[in-house]
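Participant: Before I ask anything, let me first share the structure, which is written out below as structure tokens.
Derivation of every value follows stated rules applied to the coordinates shown; laboratory data play no part. Note that the coordinates shown come from a computational prediction; the quantities given were computed from them, not determined experimentally. In this analysis, Cβ positions are derived from the backbone assuming ideal geometry, glycine residues included, and neighbour counts consider all displayed protein chains.
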Amino acid sequence: MAFQLGKSLAELEIGQRAIVKDVEGEGRMAVRLLEMGFVPGVEVALIKRAPFGDPLELRLRGYHVSLRRAEARAIRVEVQTEVQA
Amino acid sequence: MSDANQTSLHVAVAGNPNVGKTSLFNLLTHSRYKVGNYPGITVETREGQLRVGPPEGKPITLIDLPGTYSLTPTAEDEAVAFRALTGADGQPRPDAVLLVLDASNLARNLYLTLQIVELGLPCVVVLNMVDLAEQAGVPVDVDALAKALGLPVVPTVARTGVGIEQAAALLRTLGQPTQRAMGGSGGSGGSEIEARVASDPARARWLLAAAEADALELTGASPSERAALVELGPPVIRKAVREQIIARYTEVDRLLAGVIPAERGPRPIWAPAMVVSAKIDRVLTHRILGPVVFLAVMALVFQSLFSWADPLIGLIESAIGWLADLTRSTLGEGAFTDLLTEGVIAGVGNVVVFVPQIALLFLFVGLLEDSGYMARAAFLVDRLMARIGLNGKAFVPLLSGYACAIPAIMGTRTISGFKDRLVTILMIPFMSCSARLPVYTLVIGALFAANERVVGPFTQGGLLLLGMYMLSTFGALGMGAIYKRTLLRSPTPPLVLELPPYRLPRLRDTARHVWDRTADFLRDAGTIILAVTVVLWGLLSYPKVDPETLPAGETAIEHSIAGKLGKAIEPVLTPIGQDWRIGIGLIGSFAAREVLVSTLGLVYGIESDVDDDDTPLREVIRTAKTPEGTPRYGKASGLALMVFFVFACQCMSTLAVVKRETQSWRWPLFMLVSMTVIAYVAALLTFWLAKAFGL
């Protein structure tokens with residue numbers, strides 16, 4: 001496994017997995033994202049983008065959730081490039 | 001906790017959205033419940049007796065809370081759930097909580113579980129959809145989960161009713177004296193920071209999270225609690241809230257080890273429960289196919305509201321007509337008969353006539369919602385709706401507004417956030433509903449060469465009609481954007497939208513939901529509509545004059561109160577190219593827009609109905625002359641009248657429903673006044689411009 005630092009969730013490519021490092025920002029949105037399970041250490045994956053490029057469909061824990069890119073930008077991740085055996 | 005004199009145990013039913021909570025509640029109560037409303041807001045709770053199993057011990061009342069992901073009050077639903085669980089608002093604190101979890105999605109579901117366990121209430125866990133979890137390859141070890149949580153756990157499949165008896169039996173043991181408090185793992189003592197906010201650590205955590213989410217106004221926090229939060233300051237609060245959320249998720253992950261099998265080997269990118277849904281989504285949220293299917297689904301909804309409801313509406317209208325005739329022939333002519341037939345029976349008709357469209361819309365919305373498609377629809381159109389400042393969930397109600405504002409406004413309940421819901425409610429009456437169509441057709445038919453070709457196959461009539469629909473659409477979108485940025489200023493609601501697995505809806509639940517909404521309309525909005533119909537009838541009929549004694553060309557209606565009102569407002573109508581006759585029509589059309597046609601018929605002494613051919617009326621309007629011999633209505637007047645109808649809130653039923661949905665007269669009044677002003681100004685501009693262009 002190789003790691004790449006300093007990306008936001010909005011920058012993931014389709015099919016890519018990443019580990020959440022931090023939820024930036026404050027207020028209601030940050031609380032909601034954390035409570036939906038975007039806590040540091042959790043794995044997320046980008047499944048697809050909606051027809052006009054936004055919002056995103058993400059896999060998180062046991063479910064799929066949709067966020068706009070604007071909100072996904074607040075989530076810092078470490079991209080996890082899976083090296084296939 | 002429970003009062004010794006209390007005759008019934010109160011059990012709150014809590015859980016995330018999309019976990020089958022409603023089905024479970026319906027099964028446990030045999031769908032016999034009453035719908036309650038929290039004062040001032042429209043979050044519903046339902047209350048019913050446990051009716052499964054032998055009635056041993058104390059009766060058990062189940063209270064269905066709104067489905068939420070958390071108790072942190074980021075919206076009304078969460079605030080209602082927390083306040084109900086802690087016994088605020090003068091309600092008793094529940095004796096226990098029935099937690100409904102989705103077995104295939106525990107890694108998120110358990111977050112709410114921990115929050116509720118922290119409240120220290122006895123909890124019983126229903127692990128729903130265990131079949132789907134197994135199919136998805138993530139079977140839950142029920143005993144391990146029960147042990148880890150320290151709570152009794154019953155596996156169920158609400159769709160088929162598996163496990164319902166066991167769940168009911170477990171609830172009944174709550175009534176036994178041997179009952180012990182089962183709050184376990186999460187009920188840790190409060191931190192020092194929490195202790196400074198409130199003595200109860202669970203409340204302190206809730207208030208801290210609410211403060212961080214800028215939602216203290218939803219908590220009913222006391223002045224001393226507020227002061228304590230101010231003293232702590234935002235950085236301390238932020239850190240405490242993050243720590244509390246992260247600690248819960250750490251606990252969730254710890255609990256789940258050994259409860260669900262760890263994922264091994266090459267894992268698919270999708271969540272286990274989403275493998276089948278992801279395949280369906282290859283079509284339904286596909287870049288090109290997705291929008292195509294979406295348009296087809298919306299076309300179906302739209303078509304059903306426009307035309308499938310029609311035969312039923314026709315049937316209701318004939319039934320009402322038959323009832324009126326029967327009453328007339330039984331009682332004979334007279335003032336009382338008129339009151340009954342033209343006031344009361346017509347009023348009942350005005351109410352019942354909305355039922356087919358309401359039922360159809362809620363049937364579709366219910367099926368789309370329960371199957372999981374609604375979330376995909378919101379996902380597809382979110383980009384477009386975000387431009388106005390709304391989220392994707394506002395789309396279906398807005399579209400339904402083209403058919404009828406009544407069901408559309410009732411359909412806004414899926415929108416979270418009162419301001420966003422209100423913006424949508426205020427936009428809907430601008431959408432050109434089907435009741436405006438007879439008005440447009442009458443005016444176009446009377447004053448324009450409707451069939452004259454303009455470009456290609458397009459006639460003057462068709463283009464004018466298109467113009468009115470475009471004006472109404474842009475009007476609605478524009479007003480929405482304006483309200484969102486001024487009066488109801490609030491940030492574009494963030495989209496944190498779960499895309500649940502596709503599931504077959506349980507039709508009995510959908511049917512029950514349709515019935516609940518329809519009954520709600522008949523009871524609350526229906527009463528207002530009935531009353532206003534009777535009042536309008538009185539205005540249009542009294543004082544009575546004998547038509548025989550009137551000079552030629554005068555009709556009884558112009559001597560009525562409404563007639564005098566129409567004449568009184570003529571000075572206001574002249575600048576927009578209308579006269580007192582139209583004024584009477586406007587007053588009458590408040591009952592329903594299409595009534596303009598029949599009221600104008602009465603003014604001109606022509607007995608005609610909406611459904612009847614309005615050719616004689618068109619003829620009269622076209623040829624009507626002023627005393628000076630010039631045509632009474634020109635093209636400019638016609639355009640102005642149509643534009644007025646595009647924007648005006650000429651519909652008491654809309655106002656009645658808005659009153660019902662916002663729980664106050666403030667917003668319907670605002671709607672009536674603002675829309676009338678906008679309509680007047682638009683009609684004025686239209687009339688001037690049309691005159692300036694020589695029409």
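Participant: Expected output is a single nm value to one decimal: the length gained when fully extending between B:Tyr542 and B:Gln91, i.e. 0.36 nm times separation in residues minus the C-alpha distance. What is it?
Facilitator: 157.4 nm
Participant: Report for chain B the percent antiparallel among DSSP-assigned beta bridges with both residues inside it, nearest 5.
Facilitator: 40 percent
Participant: Helix B:666-692 sits at what angle to the longest principal axis of chain B, using alpha carbons and giving 0 to 90 degrees rounded to 10?
Facilitator: 40 degrees
Participant: Give, as ranges by residue number, the residues of the range B:72-116 whose backbone N falls under 15 Å from the point 7 Å along Cα→Cβ of B:Ala144.
Facilitator: B:104-107
Participant: Compute the acute angle (0 to 90°) between the alpha-carbon long axis of helix B:309-331 and the principal axis of greatest extent of the alpha-carbon atoms of chain B; round to the nearest 10°.
Facilitator: Here the helix axis deviates by roughly 60 degrees.
Participant: Of all DSSP beta bridges in the protein assembly as shown, what percent run antiparallel (nearest 5)? Mind dumping the intermediate values first?
Facilitator: Details: 39 of 59 bridges.
The antiparallel proportion sits near 65 percent.
Participant: Calculate the all-directions average of the projected area of chain A's alpha-carbon convex hull, and give it in nm².
Facilitator: On the way: hull surface 22.2 nm².
Answer in nm², one decimal: 5.6.
Participant: Let me ask something else about it. Rounded to the nearest 20 debye, what is the charge dipole size of chain B about its Cα centre when +1 sits on each Lys and Arg Cβ and -1 on each Asp and Glu Cβ?
Facilitator: 1580 debye
Participant: Would you mind working out the magnitude of the charge dipole of the range A:1-63 relative to its Cα centre, with +1 at each Lys and Arg C-beta and -1 at each Asp and Glu C-beta, to the nearest 20 Debye?
Facilitator: So the dipole magnitude of the range A:1-63 works out to roughly 180 debye.
Participant: Straight distance only, please: which lysines reach the Cα of B:Lys544 with their own Cα at less than 25 Å, same-chain residues fewer than 8 apart left out?
Facilitator: B:Lys564, B:Lys567
Participant: Here is a follow-up. Taking the Cα centre of the protein assembly as shown as the origin and placing charges on Cβ (Lys, Arg +1; Asp, Glu -1), which of A:Leu56, B:Ile60, B:Leu602 is farthest toward the positive end of the dipole?
Facilitator: Result: A:Leu56.
Participant: Assign one of three labels to the range B:428-563, namely rounded, prolate or oblate, based on the Cα gyration tensor with a ≥ b ≥ c the square roots of its eigenvalues; rounded applies when a/c is under 1.5, prolate when it is not and a/b is larger than b/c, and oblate otherwise.
Facilitator: oblate
Participant: If one computes the Cα centroid of the range B:222-275 and of the range B:515-533, what distance in Å separates the two points?
Facilitator: Centre-to-centre (Cα) distance: 44 Å.
Participant: Can you tell me the convex hull volume per residue for the range B:441-494, based on C-alpha atoms, in Å³ to the nearest whole number? Please list the in-between numbers first.
Facilitator: On the way: hull volume 6.3 nm³, N = 54.
Taking only Cα atoms, the range B:441-494 has a hull volume of 116 Å³ per residue.
Participant: Averaged over peptide A:36-46, how many Cβ atoms belonging to another chain are found within 10 Å of each residue's Cβ?
Facilitator: Average neighbour count from other chains, rounded to a whole number: 4.
Participant: Modelling each spin label as a point 7 Å along the Cα-to-Cβ direction, I'd like the B:Ser191/B:Ile482 distance in nm, to one decimal.
Facilitator: With each label placed 7 Å out from Cα toward Cβ, I get 4.8 nm.
Participant: Using a ≥ b ≥ c from the Cα gyration tensor of the range B:126-169 (square roots of the eigenvalues), is it rounded, prolate or oblate, where a/c under 1.5 gives rounded and otherwise the larger of a/b and b/c decides, a/b for prolate?
Facilitator: On the way: a/c = 3.27, a/b = 1.05, b/c = 3.10.
It comes out oblate by the Cα gyration axes.
Participant: Here is a further query. Could you tally the net charge around B:Leu463, taking each other residue with its Cβ under 13 Å from the Cβ of B:Leu463, Lys/Arg +1 and Asp/Glu -1?
Facilitator: Once all neighbours under 13 Å are counted, the net charge is 0.
Participant: Could you pull out every one of the lysines with an alpha carbon less than 30 Å from that of B:Lys147, ignoring same-chain neighbours closer than 8 positions?
Facilitator: Qualifying lysines at Cα under 30 Å: B:Lys21, B:Lys58.
Participant: On a 0 to 90° scale, report how tilted helix B:275-284 is relative to the longest principal axis of chain B, with both axes built from alpha carbons and the result rounded to the nearest 10.
Facilitator: In chain B, helix B:275-284 runs at an angle near 20 degrees to the longest axis.
Participant: What FRET efficiency comes out for the pair A:Asp22/B:Ala169, r = Cβ-Cβ distance, R0 = 41 Å, nearest 0.05?
Facilitator: Using R0 = 41 Å, I get an efficiency of 0.30.
Participant: If R0 is 30 Å, what FRET efficiency do you get for B:Glu333 and B:Lys564 from their C-beta distance, rounded to 0.05?
Facilitator: E between B:Glu333 and B:Lys564, to the nearest 0.05, is 0.75.
Participant: What nm value, rounded to one decimal, do you get for the distance between B:Ala299 and B:Ser371 when each label is placed 7 Å out toward the C-beta?
Facilitator: 1.6 nm
Participant: At 0.36 nm per residue, and after removing the present C-alpha to C-alpha distance, how many nm does the segment from B:Val283 to B:Ala519 gain when stretched out fully?
Facilitator: Extra length from B:Val283 to B:Ala519 when fully extended: 81.2 nm.
Participant: Can you compute the modelled spin-label distance between B:Leu685 and B:Trp308, with each label point 7 Å from Cα toward Cβ, in nm?
Facilitator: In this crude label model, B:Leu685 to B:Trp308 measures out at 3.9 nm.
Participant: Okay, next question. Please report the orientation-averaged projected area of the protein assembly as shown, defined via the convex hull of its C-alpha atoms, in nm².
Facilitator: Here the figure is 39.4 nm², rounded to one decimal.
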